[in-house]
Each structure stands twice: as structure tokens, then as C-alpha cells.
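Following: one structure in C-alpha cells, then a few remarks.
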Number of protein chains: 2
Amino acid sequence: MTSKTTYRHTVQVSEIDFSLRATIVSMIGCILDIAGVDADEKGFGIKKLGSENRSWVISRMALHFYRLPYKYETFDISTWVSDYGKLLTTRNFTATDENGNSTFAAVTQWAMIDLSTRRPLDLRYVDEYNRHLCIEQTPINNPIKIAAINPQKTIIHKVSYSDIDFNRHVNSLRYFMLMIDMLPVEFMANTNPIHIEVNFLHESQYGDTLTAGYEQCGAKSLFEIKNNSDTVICRASIEWKADMTWKN
Amino acid sequence: MTSKTTYRHTVQVSEIDFSLRATIVSMIGCILDIAGVDADEKGFGIKKLGSENRSWVISRMALHFYRLPYKYETFDISTWVSDYGKLLTTRNFTATDENGNSTFAAVTQWAMIDLSTRRPLDLRYVDEYNRHLCIEQTPINNPIKIAAINPQKTIIHKVSYSDIDFNRHVNSLRYFMLMIDMLPVEFMANTNPIHIEVNFLHESQYGDTLTAGYEQCGAKSLFEIKNNSDTVICRASIEWKADMTWKN
């Protein structure tokens, strides 16, 4: 058993957009970075797993924004692993500003894979895990399964060198850039994201041709990315504070 | 007068590629980040300039790699401003590994602009500057002017939300991603970059359609990015340790 661990982050100029607030992508990047740092510090991160030919892959994420942090704003992110089963473990995050108000909260689910087979391993046999659990409830509901969409707009993207990580697989943040770049840019200026759900379903690799689809349903933007074999790679939804109309 | 300032950096997993070495783009990002942090610490960074409607823009860069740093490797980057004239100031960088060996060195030239007019300001009237000069010679030759190229390959890229910074202009690192993504991926696995030159000639904005061209001349990869008005935005060259043949 352990307690939550808290990391401090200051929003850098490279993390903001023209609204002078942190971008959605930079805040997801911040969450994923802290997941990595915290797992490393506790002895079950990719520093250790890499030498054993194992790694973490993210499966689902739910992210609730109370507001987007501003340029140069400092906030504290607390993170804890609340449970694990055979296939998935749950890592939670809460971010609090200097006045003690919530900025965002997230629940992420991860699998551990064998890097040779890319198949999941049974988490019940990872010894380091048990003593690092913090039995405290998740700050928001667990991530949900996202249904297929009917795209109003699609774009094609060939996976390039800059999209891939050390393992030749597409970096998770790249899917988000692809999705958000389909939105009318006024979305970023005129409204606020409230709630994001993501399902990471398959990996894509260097050379794949991805088709990203986007559908606007009232206040929700829905996304789906498929590879050239029509396999769904990723689905996501972003709920905004106001209904936004899709314009080509 | 002042001395050099040294910052420590550890190569993160997000900064490496499948060769398990830092990418060219991540090292350029590291140099630009440190330029920003050091200028802020000395009182002439964009934290101060932003409130005065001024900002820095990079004009040219020369970057020499002795080798690319590896995953989790820690190195020290020293930086100093060696001179300034009416239009441009020179900021230098040297990176040294834990054994005291050089990993890379860079010379960058910057202009200060008025954010309303996007025109350069006269640096001779920036008071903070004089006392922060470190009269030590540049670690490599100054950046050079790069000639027009005859592209063997071109790609089209529409500037999207993820490409732009807080000022709605394309982030400098995005030009590099666009250029490096045109190279055969084997370049990254089979050879090493030795010397990079960059000329930033014009800014590009959200909605622009960019055409990036690439020409391989022996051991040198040459690049040129133009906007839809045929204005040259950026030129760059990367010299590799071995001659590499361009294949479509």
C-alpha cells in the first residue's frame, strides 16, 4: 500500500495555443509523461521493463477538464494506481491549481505487453505492483467503450518517421493531433473541452496509411482512425461546453 | 559581461527514435527550449518581451553533431550570447557528455520583432543585452546562406492547428519534421547527421499550403519549403556521415 504521488508542472509556451491556454494534446502529453515518470520511480516503468522486453501500452482514457490551465500557470498533478486485474491496471490523475481548485482529472487503463509477441501479460504476477496500490476511488468514472461513427469528414495520413516512437509504432499523441486538426480552428478559440474519452484499439506502424474520420453530434466531436486494412486503431470523443456546428 | 550558463538535460524516451538515439528534431527542440529559458532568466526572454508586444524569431542555425546522445543519457549544455548588431544577435551552445566529450555545438542567430508589425527592432537599444554578453568565440562557424534547390521529391502540407504556436505561426520544429519525413527512413538507422544548416526566411501561418522539396547531393540532404505564394519559408541542409542514395 502506498499514497498518491504529486508532481508539479508549469505550462510552457510550447504547450499553449493562440487562446494562451494549454492545448488538449499538451495536457494529455503531460498525463502520459507523469505516468511514465511515476512508474519508473516506483520500479515498474519502462526503464526496468525495457530490459525485460516488456512495455506498457495505454488502452483507454477518460479525461475531465474543469478548465484548461493558462500560460506559465503552475499546477500539481497527483497520481495513483488504484487497482489491477489480469489484463488492465488503472492509473488515476487529479490536477489542482495554486488556489486548490481542480483543473482536470483523468482515469487511464493500461496493459503490459511482451515486446516480441505484442501480446498482453498477466498483471497478477507483477510483484512490484501490490505494494504500490493506493486504494482510493477513481476521481471520475472509468473510461467507456466508444461506438463506431459515421464520418462527415475524413482525411488520409501516411505514417511518417516523426509519427513513430522508439518502437516504430505511432506515438499516442499523434492520433490526437490528427483528430484535432480536423476540427474547425474556431472550436479552440470559442469553446472549452469538458470531457474526453479515448479507446486505443490497435497499434499502427511506420508506412501504414491511416484514415481519420470525424463526426459532430451536438456538443460532441467523435473520431475514428482506421488503418489500410480497415482495422480500427483508435476512437475518441471530445465533449465541448457549447454545441458546435461542423462546417467544411 | 557575464559567463556561460550551463543547463543539464537527460534524453527522454519521447525524444528518441528506433535507433535508441535522440532524434535531430528533439535536439533542435532542446536547443530552442534552452535559448528560451536562458533569455527568460536573464531578463530578455519572451516572458518579458511578450508584455511589451515584442518577441524573438530565429533567423539562422548551424548545428554540428559529434554524435547523437543515447536514451537516458545526461549531458550539459552551455549557452552564451557572444555578440549583437542592429538586426541579429548570436547565441551559442556546446553540449558535453558525462565523460567531458562534445556531443554537439550550435550557433544561432535571432532577430527581435515588433509583434504588431512583424518587423525587426534595433537590438542596439535593448539595455539588458550589453551586460549579458560573453565575449567568447563561437564554437563552430557562423550559419551560412543556403542556395535554392532542385527538388527530386516534393510533398504538400496544409498548415493545421497542431503546426502552429501561440502566435498562429508555424512552430520551427514542424518544418524539420516535414523535411525529415521526406527522407528514406533508413537514413536514421544507417548513418549519422554531422552538420545541419538552417535559414528561416519567412513565417507561415494557419491555413497556408506548404510545398516541401528535397534533393540529395552526395552526403547532403537539401530542403526548401515554400508557401502557396511561392515565397521561400525555410531552407536547410543535413550532411550525413556517408553518401546516401535517394530512392522514391
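The values are calculated or read from the model by the stated rules, or taken from the named source; none is laboratory data. Computed from a predicted model, the values in this text were never measured in an experiment. Because the Cβ atoms are built from the backbone with ideal geometry, glycine has one as well, and the counts that use them run over all protein chains shown.
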Next on the checklist: Looking at segment B:24-41, I want the residues that are more than 9 Å from every other protein chain (Cβ to nearest Cβ) and have a partner that is surrounded by 21 or more Cβ atoms within 10 Å (Cβ to Cβ) and not in a helix (DSSP H, G or I) with Cβ atoms under 6 Å, at least 6 apart or on another chain. Which pairs are those?
Outcome noted: B:I24/B:P193; B:I31/B:F93; B:I31/B:A106; B:I34/B:I77; B:I34/B:T79; B:A35/B:R91; B:D38/B:T79
Checklist entry - So is B:S59 in a strand (DSSP E or B), away from chain A (no Cβ under 14 Å), touching a residue at least 24 places away in the same chain (Cβ under 8 Å) and among the polar types (S, T, N, Q) or not? => result yes
Next on the checklist: For segment A:1-23, give me each residue that is of a type outside the set (V, I, T) and within 14 Å of chain B (Cβ to nearest Cβ).
Outcome noted: A:Q12, A:S14, A:E15, A:D17, A:F18, A:S19, A:L20, A:R21, A:A22
Checklist outcome for this item: Residue set A:T103, A:T108, A:T79, A:T96; condition free of Cβ contacts under 8 Å to residues at least 24 places away in the same chain and assigned to a strand (DSSP E or B); output residue A:T96
Checklist entry - Looking at segment A:202-235, which of the residues that are charged (D, E, K, R) and in a loop (DSSP other than H, G, I, E, B) is nearest to A:R119 (Cα to Cα)? => result A:E203
Checklist entry - Restricting attention to segment A:27-67, which residues are among the hydroxyl-bearing types (S, T, Y) and in contact with a Leu (Cβ under 9 Å, 6 or more places away or on another chain)? => result A:S55, A:S59
Next on the checklist: Here's a check for you: in segment B:167-197, which residue that is facing chain A (nearest Cβ under 10 Å) and in a loop (DSSP other than H, G, I, E, B) is nearest to the chain's Cα centre (by Cα)?
Outcome noted: B:N171
Checklist entry - Is it the case that A:T89 is in the same structural domain as A:I31 (by TED's automatic domain parsing), closer than 30 Å to B:D17 by Cα and hydroxyl-bearing (S, T, Y)? => result yes
Checklist entry - Of all the residues that make up segment A:15-48, how many are in a loop (DSSP other than H, G, I, E, B) and among the hydroxyl-bearing types (S, T, Y)? => result 2
Item to check | Residues satisfying the stated conditions in segment A:127-166, i.e. touching a strand residue (DSSP E or B) at 6+ places or on another chain (Cβ under 7 Å), part of a loop (DSSP other than H, G, I, E, B) and closer than 30 Å to B:S19 by Cα | outcome: A:V159, A:F166
